[in-house]
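A.B. asks: What follows is a single structure, and I will ask about it in a moment.
Here, each number is a calculation from the coordinates, and none is a lab measurement. The model shown is predicted, which means the values in this text are computed figures rather than measured ones. Cβ placement follows ideal geometry from the backbone for every residue including glycine, while neighbour counts extend to all protein chains displayed.
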Amino acid sequence: MNKMNPIFSFRELQKKAKNTTGNVTDIRVAVLGNHTTSFFIKALENQLKVAGFNPSMYESDYDQIDITLIDRESELYKFNPEIIVVFESVLKLKDKFYSIKDTESQSDFHKTEKDIIQNRVSNIRANGSDAKIVYFSYELIDDELYGNLFSKIPHSFYNNLWQLNNELITFSRNEPDFYVFDINKYLKGTENYRDYTALINSDLHYSIDTFAKISHFLAQFFNAFKGHFKKCLILDLDNTTWGGIIGDDGLENIQVGSLGIGKAFTKLQKWAKELKERGVILAICSKNTEEVAKEPFEKHNEMVLRLDDISIFVANWKNKADNIRYIQEVLNIGFDSMVFLDDNPAERDIVRQSLPAITVPELPKDPAYYMPYIESLNLFETVSYSENDKDRTSQYQQEAKRKKLISSVTNMDDYLKSLEMKGNISPFNSDDVSRVAQLTQRSNQFNLRTQRYTEKDITEFMNSENHLTYTVKLKDKFGDYGLISVIILEKKNDNTYFIDTWIMSCRVLKRDVEHFALNKIVEDVKNKDINIITGEYLPTPKNKLVEDLLKKLTFENDTNENTYILDLTNYKSRKNYIENE
Amino acid sequence: MSNYITEFETLFRDVLENEDIVLTPETIASDIEEWDSINHIYLVVEIEKHFGIKFSSSEILQWQNVGEMIDSVKAHKEN
């Protein structure tokens, strides 16, 4: 295997895991199976260590899935897993299937098994576990009783396996926190994935190295559960995105589409485009003159990728590591969430050495193997998808334009003026309830008191006589940020309002949105003939950003260090460049 | 035999993660703490990989001690 994404043998993995130190992120995983799972658990534990986790593992007794799940007092529930893996071997299922005597029941086998799966999930939930459930799909192996007639024979075992896998997928679609892990794609191409001697002698259903391989991909998936996944794909151009060198060969002679081995590059472009549709940000990092590099995106009719697919386009003659640092700065995401594709081993090396966290696959020499190789790495593992993810590209394109602007102005006031910001501050309305609740749930940094509210709570605030509620929406000449701030004030007595919640999205830091909001709040409070606003900072490990917020807004320290008071009688409207709309 | 016993010893030490293991042809599983039924499966796989051979299922069940395992390996290597 290659050096970027090595898949270790069981024994190599044992050694690698031994050498990991300083892992702090806990992960609690339970494994239930109908076969000998000890090697699988050991391999998974080792993979999780290598991935940087501090794993605790639970193994159910041999072939005791249902009894373990039904029993509320079982060790499983005491263990309190974050993730429950159910891994059933089809060979065991086959014995069960053969013990059914009538063809009618055999035909219903997949339904009976589906009911069992549903029942297991219900038991897990009924017994109070909210663990994520990762269910292995069933290995598709034909017992060759009906050969290629299987599709017409409802009581064929192979036919039932296909249907059972479909049942699993259908069930998963609407079952929260239930995921299907497809074993078939990882068995394909694995040499001697089953050791039949060990199967007969020791009930070992897969070879120990197969367990190591499967658990490699499972650990990647768990990594995504823990928030570690790739968000950005950075592409080199010459001989990566197209064949040939645009600066030397010119627009007509680069290979993409029908010319030369252009199909290989087209495949890569199509894949990148689909990733972008899924919400992965595309960036270009190329040693080229910018206008020359952009030409194919604008003028070549067989290019799949177009300029509007690219969030950040960097083409110059600077060091690639520096250019990637720039891309990282604009996107404000971790290097560990970026993938860089470049055909040139020297460039890959420079980037790897300066930015060790970034993933830099060792692209094969022959572009025909680019895609098969990239696919084998499963780089973009994810655990969530929403329609909104698609908008990300345009958001980051806007952000890149802002960054360019800020580098062209000399002072902050000029910059803020030139953004032509327009703000809207209003009380909560019913359309925004879910977004407001989501912000209170998710915001950690710009969050004064970190009070978490449900949609029901937010609706109550909205209808309360005793509260003042605000949402702030912001746009500028580059685009619309949408709803970016939530503020809730509670009337404490005849002359005082207290700031219960003040949250803002970090995307709009340093735009003086706080000033814009406070001016409006003060106006409203004064109109109620009230002269005092009090506030409090509740420190958490993540909200240091706002420890001085109230002080900066001219609140005075109250009796203790984290409570503040603002007397409105002498309040002077605070400067900002946001136009009220 | 002496060459094989050294190779076996190195392999056992590595797989069972115990540098103090000393093997003789008479060594049996109960002589070595780490050599339980699970690790036995692991050992068999690693011996097969190391010598590039594949034992038959009945062979594996017949071994009484390390010497007999080595005899099996030899038989495979020489055929």
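A.B. asks: Between A:I169 and A:N119, what length in nm is gained on full extension when 0.36 nm per residue of separation is reduced by their alpha carbon distance?
C.D. replies: Using 0.36 nm per residue and subtracting the Cα-Cα distance, I get 16.4 nm.
A.B. asks: Now, a different point. Obtain the nm distance between the two label points defined at A:E291 and B:E78 by a simple spin-label model: each point lies 7 Å from its Cα along the Cα-to-C-beta direction.
C.D. replies: 8.1
A.B. asks: Fully extended, how many nm does the chain gain between A:K422 and A:T454 (0.36 nm per residue separation, minus their Cα-Cα distance)?
C.D. replies: 8.6 nm
A.B. asks: Here is a further query. Of all GluC sites (Glu not before Pro) in segment A:30-86, which ones are in loop regions per DSSP and have a Cβ with at most 12 other Cβ atoms within 10 Å?
C.D. replies: A:E73
A.B. asks: In addition: Just tell me how shielded A:11-18 is by partners: mean number of partner chain Cβ atoms within 10 Å of each residue's Cβ, no decimals.
C.D. replies: Counting other chains' Cβ atoms within 10 Å and averaging over A:11-18 gives 2.
A.B. asks: If the cut-off is a Cα-Cα distance under 12 Å, which aspartates and glutamates reach A:K390, setting aside same-chain residues fewer than 8 apart in sequence?
C.D. replies: Straight-distance partners of A:K390: A:E274, A:E277, A:D309.
A.B. asks: What does the charge dipole of chain A about its Cα centre add up to, to the nearest 20 debye, if the Cβ of each Lys and Arg holds +1 and the Cβ of each Asp and Glu holds -1?
C.D. replies: About 1060 debye.
A.B. asks: Shifting gears a bit: Find which of A:Q328, A:T393, A:N495 sits farthest along the positive direction of the dipole of chain A, computed with +1 on the beta-carbon of Lys and Arg, -1 on that of Asp and Glu, about the Cα centre.
C.D. replies: A:Q328
A.B. asks: Can you tell me what the convex hull of the Cα atoms of the protein assembly as shown projects to on average, as an area in nm²?
C.D. replies: Reported value for the Cα convex hull: 39.9 nm².
A.B. asks: How many Cβ atoms of partner chains, on average, are near each residue of A:239-252 if near means within 10 Å of its Cβ?
C.D. replies: Per residue, the average neighbour count from other chains is 0.
A.B. asks: Taking a threshold of 25 Å on the Cα-Cα distance, which of the pairs A:K94/A:K114; A:K552/A:K572; A:K15/A:K185; A:K477/A:K520; A:K320/A:K403 fall above it?
C.D. replies: A:K15/A:K185
A.B. asks: A:S258 versus A:D414, label points 7 Å from Cα toward the beta carbon: distance in nm?
C.D. replies: It is 5.2 nm.
A.B. asks: Just going by the charge dipole of segment A:10-225, with Lys and Arg at +1 and Asp and Glu at -1 on Cβ, which of A:F225, A:S202, A:F171 is farthest out on the positive end?
C.D. replies: The residue sitting most towards the positive pole is A:F225.
A.B. asks: How long are the semi-axes of the ellipsoid equivalent to segment A:10-225, from square roots of 5 times the Cα gyration tensor eigenvalues, in whole Å, largest first?
C.D. replies: With the √(5λ) rule applied to segment A:10-225, the semi-axes are 30, 21, 15 Å.
A.B. asks: Taking 0.36 nm per intervening residue step and subtracting the Cα-Cα distance, what contour gain separates B:K49 from B:L61 on full extension?
C.D. replies: Answer, rounded to one decimal: 2.5 nm.
A.B. asks: Now for a different question. Placing +1 on the Cβ of each Lys and Arg and -1 on the Cβ of each Asp and Glu in chain A, which of A:I27, A:L145, A:I183 has its Cα farthest towards the positive end of the resulting dipole?
C.D. replies: With unit charges placed on the Cβ atoms, the residue in question is A:I27.
A.B. asks: Restricting attention to segment A:285-333, which chymotrypsin sites (Phe, Trp or Tyr not before Pro) occupy a DSSP loop and are surrounded by at most 15 other Cβ atoms within 10 Å?
C.D. replies: Here the sparse-neighbourhood loop sites are A:W317.
A.B. asks: To continue, here is another question. Going by average Cβ neighbours within 10 Å, how do the peptides A:513-525, A:121-133 rank, with the highest at the top?
C.D. replies: A:513-525, A:121-133
A.B. asks: Can you list the HN-Hα couplings for segment A:6-23, worked out from phi with the Karplus curve (6.51, -1.76, 1.60; θ = phi - 60°), rounded to whole Hz and with x for Gly and Pro?
C.D. replies: 3J(HN,Hα) across segment A:6-23, in whole Hz: x, 9, 7, 6, 3, 6, 4, 4, 3, 5, 4, 5, 5, 8, 7, 9, x, 6.
A.B. asks: Could you name the aspartates and glutamates in cross-link range of A:K417, using Cα to Cα under 12 Å and dropping any fewer than eight places away on the same chain?
C.D. replies: A:D476, A:D512, A:E579
A.B. asks: Indicate, rounded to the nearest 5 percent, the antiparallel portion of the DSSP beta bridges found entirely in chain A.
C.D. replies: 45
A.B. asks: Apply the a/c threshold of 1.5 to the C-alpha gyration tensor of segment A:325-395 and tell me whether it is rounded, prolate or oblate.
C.D. replies: Oblate is the answer for segment A:325-395, as a/c is 1.5 or above yet b/c matches or exceeds a/b.
A.B. asks: Further, regarding this structure: Can you list the aspartates and glutamates whose alpha carbon is less than 13 Å from that of A:K111, not counting same-chain residues fewer than 8 positions off?
C.D. replies: List returned: A:E167.
A.B. asks: Okay, next question. Exactly which trypsin sites (Lys or Arg not before Pro) in segment A:452-495 are in a DSSP loop and have at most 15 other Cβ atoms within 10 Å?
C.D. replies: Taking segment A:452-495 and a limit of 15 other Cβ atoms within 10 Å, the loop trypsin sites (Lys or Arg not before Pro) found are A:R452, A:K477.
A.B. asks: Is the shape of segment B:1-72 rounded, prolate or oblate, going by the alpha carbon gyration tensor and its root eigenvalues a ≥ b ≥ c, with a/c under 1.5 for rounded and a/b larger than b/c for prolate?
C.D. replies: rounded
A.B. asks: Related question: Counting Lys and Arg as +1 and Asp and Glu as -1, each charge on the Cβ, what is the dipole of segment A:406-536 about the Cα centre in debye, to the nearest 20?
C.D. replies: Around 360 debye, computed over segment A:406-536.
A.B. asks: Sticking with this one: Can you give me the distance in nm between label points at A:K299 and A:E12, each placed 7 Å from the Cα along the Cα-to-Cβ direction?
C.D. replies: Going by the 7 Å Cα→Cβ label model, 4.8 nm.
A.B. asks: Roughly how far apart, in whole Å, are the Cα centres of segment A:287-331 and segment A:511-576?
C.D. replies: Computed from Cα coordinates, the inter-centre distance equals 44 Å.
A.B. asks: Taking 29 Å as the cut-off for C-alpha to C-alpha distance, list the pairs among A:K273/A:K404; A:K16/A:K542; A:K78/A:K188; A:K273/A:K510 that go past it.
C.D. replies: Violating the 29 Å Cα-Cα cut-off are A:K16/A:K542; A:K78/A:K188; A:K273/A:K510.
A.B. asks: Let me have the relative contact order for chain A, percent, based on Cα pairs under 8 Å that are six or more residues apart.
C.D. replies: 9
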